[in-house]
1. Any residue at all in the stretch 84-97 that's farther than 16 Å from LYS178 by Cα and assigned to a loop (DSSP other than H, G, I, E, B)?
2. Only one residue in LEU26, LEU34 is at pLDDT 95 or above and within 23 Å of GLY105 (Cα to Cα), so which one is that?
3. Within the stretch 107-159, which residues are more than 20 Å from ARG180 (Cα to Cα), surrounded by fewer than 20 Cβ atoms within 10 Å (Cβ to Cβ) and of a type in the set (A, V, I, L, M)?
4. Specify the residue that is surrounded by the fewest Cβ atoms within 10 Å (Cβ to Cβ); the eligible residues are those in the stretch 18-45 that are under 15 Å from GLN67 (Cα atoms) and in contact with a helix residue (DSSP H, G or I) (Cβ under 9 Å, 6 or more places away or on another chain).
5. Just checking, which of VAL185, VAL164, VAL212, VAL151 is modelled with pLDDT of 95 or more, in a loop (DSSP other than H, G, I, E, B), of a type outside the set (Ser, Thr, Tyr) and in contact with a Pro (Cβ under 8 Å, 6 or more places away or on another chain)?
6. Which residues, counting only those in the stretch 59-70, are surrounded by fewer than 16 Cβ atoms within 10 Å (Cβ to Cβ) and either modelled with pLDDT of 95 or more or among the aliphatic types (A, V, I, L, M) (or both)?
7. Could you tell me how many of the residues in the stretch 188-209 are part of a strand (DSSP E or B) and β-branched (Val, Ile, Thr)?
8. Restricting to the stretch 103-148, and then to whatever is β-branched (Val, Ile, Thr) and in a strand (DSSP E or B), can you tell me which residue is farthest from the chain's Cα centre (by Cα)?
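The values are calculated or read from the model by the stated rules, or taken from the named source; none is laboratory data. Predicted model, so just to flag it, every value in this text is computed and none were measured. Virtual Cβ from ideal backbone geometry, glycine too; neighbours counted across all protein chains shown.
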Amino acid sequence: MRAYRPFAGTVTPEEPPTPADPEACLRPGRPLDLVVQFREPSGELEGWLDFIRTTVRTAGPRLASLQICEEPNATLPALDGSTPNVLNALVQGVVAAKREAEALGFDLAVGFNAVPTFDPADTFWPRLGDLADARFLRSLDYVGLDFFPDVFRPLPADRLAAAVAGVLTALRRTDLPKARIPDTVPLRICENGWPTGPGRTEQRQAETLETVVRTVEALSADLNIDAYSFFALRDADSAGNKLFHRFGLLRDDYTPKAAFDTYRRLIGELGTRAPRLPLTERPATR
């Protein structure tokens with residue numbers, strides 16, 4: 001169960017988590033994949049690090065993974081990349097989370113995520129490399145990627161697999177070395193999806209999902225990719241016309257689209273053949 005818990009500072013009113021009560025959805029074999037978001041307006045770290053340590057202490061027995069920051073290299077207002085001091089928050093947050101987990105004996109994967117970098121002059125990864133000391137690298141269990149090929153930048157269907165391979169390879173071979181993150185740190189696909197709606201058929205969603213998942217699986221050994229999550233399980237609003245209304249494998253009444261059966265089949269096939277690449281689905285909203 002993937003959930004988001006924002007930290008807006010010790011003075012700013014606390015923002016609610018998404019979903020509101022994720023632990024109510026947990027079951028044996030269904031632990032929590034939690035994202036803590038750095039939304040402190042001033043970039044102050046003391047309260048942030050206490051927030052992370054408290055999160056590990058209270059949720060730790062039910063946590064499978066803890067992602068520090070949400071898309072820290074994306075500078076959109078709703079994402080952590082727009083928050084001052086986010087790189088220090090990321091590095092120190094990873095270290096603090098891992099230390100707390102180890103002190104308490106929790107088997108917890110600690111990592112962070114990012115979005116693709118298409119600007120050769122982007123400074124996020126080199127700046128992260130300047131801060132990535134031995135403590136950070138020892139504490140880092142994975143690097144996640146959020147990417148949505150053929151959503152924000154349309155692609156012909158026959159170029160989709162090459163585009164996916166190019167993004168994943170560039171992250172592993174070009175971006176992560178700038179941050180001094182070695183190949184031994186696994187990659188995870190934290191968000192990937194394709195919405196239905198006007199001009200976007202449910203059949204094309206199923207075809208896109210199949211192409212992306214098979215491309216990721218084919219590269220998983222070479223690029224050390226150990227997990228994939230689809231965004232999202234259910235539509236936010238199946239009657240809505242905005243881009244993020246209809247990312248689901250299910251409609252908002254929980255009836256399945258064609259991609260639902262495609263994904264179930266892929267899990268059955270690839271989960272048996274390649275158990276190192278678990279495939280899961282994300283909740284409908286964050």
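1. Yes - at least one qualifying residue is present in the stretch 84-97.
2. Values: LEU26 fails: at pLDDT 95 or above.
Just one listed residue meets the conditions, LEU34.
3. VAL151, LEU155, ALA157
4. Residues of the stretch 18-45 under 15 Å from GLN67 (Cα atoms): 18, 31-39.
Narrowing the set further to residues that are in contact with a helix residue (DSSP H, G or I) (Cβ under 9 Å, 6 or more places away or on another chain) leaves 31-32, 34, 36-39.
On the way: PRO31: 16, LEU32: 19, LEU34: 23, VAL36: 26, GLN37: 24, PHE38: 27, ARG39: 21.
Top of the filtered list is PRO31.
5. On the way: VAL185 fails: in contact with a Pro (Cβ under 8 Å, 6 or more places away or on another chain); VAL164 fails: in a loop (DSSP other than H, G, I, E, B); VAL212 fails: in a loop (DSSP other than H, G, I, E, B).
Residue meeting the stated conditions: VAL151.
6. Correct list: ALA64 only.
7. If we filter the stretch 188-209 for residues that are part of a strand (DSSP E or B), which is where we start, we get 188-192, 197, 200.
If we keep only those that are β-branched (Val, Ile, Thr) too, we end up with 189.
The number of residues fulfilling the criteria is 1.
8. Our first condition is that a residue be β-branched (Val, Ile, Thr); within the stretch 103-148, this holds for 110, 115, 117, 123, 143.
Applying the additional criterion that residues be in a strand (DSSP E or B) yields 110, 143.
Details: VAL110: 12, VAL143: 9 Å.
The selected residue is VAL110.
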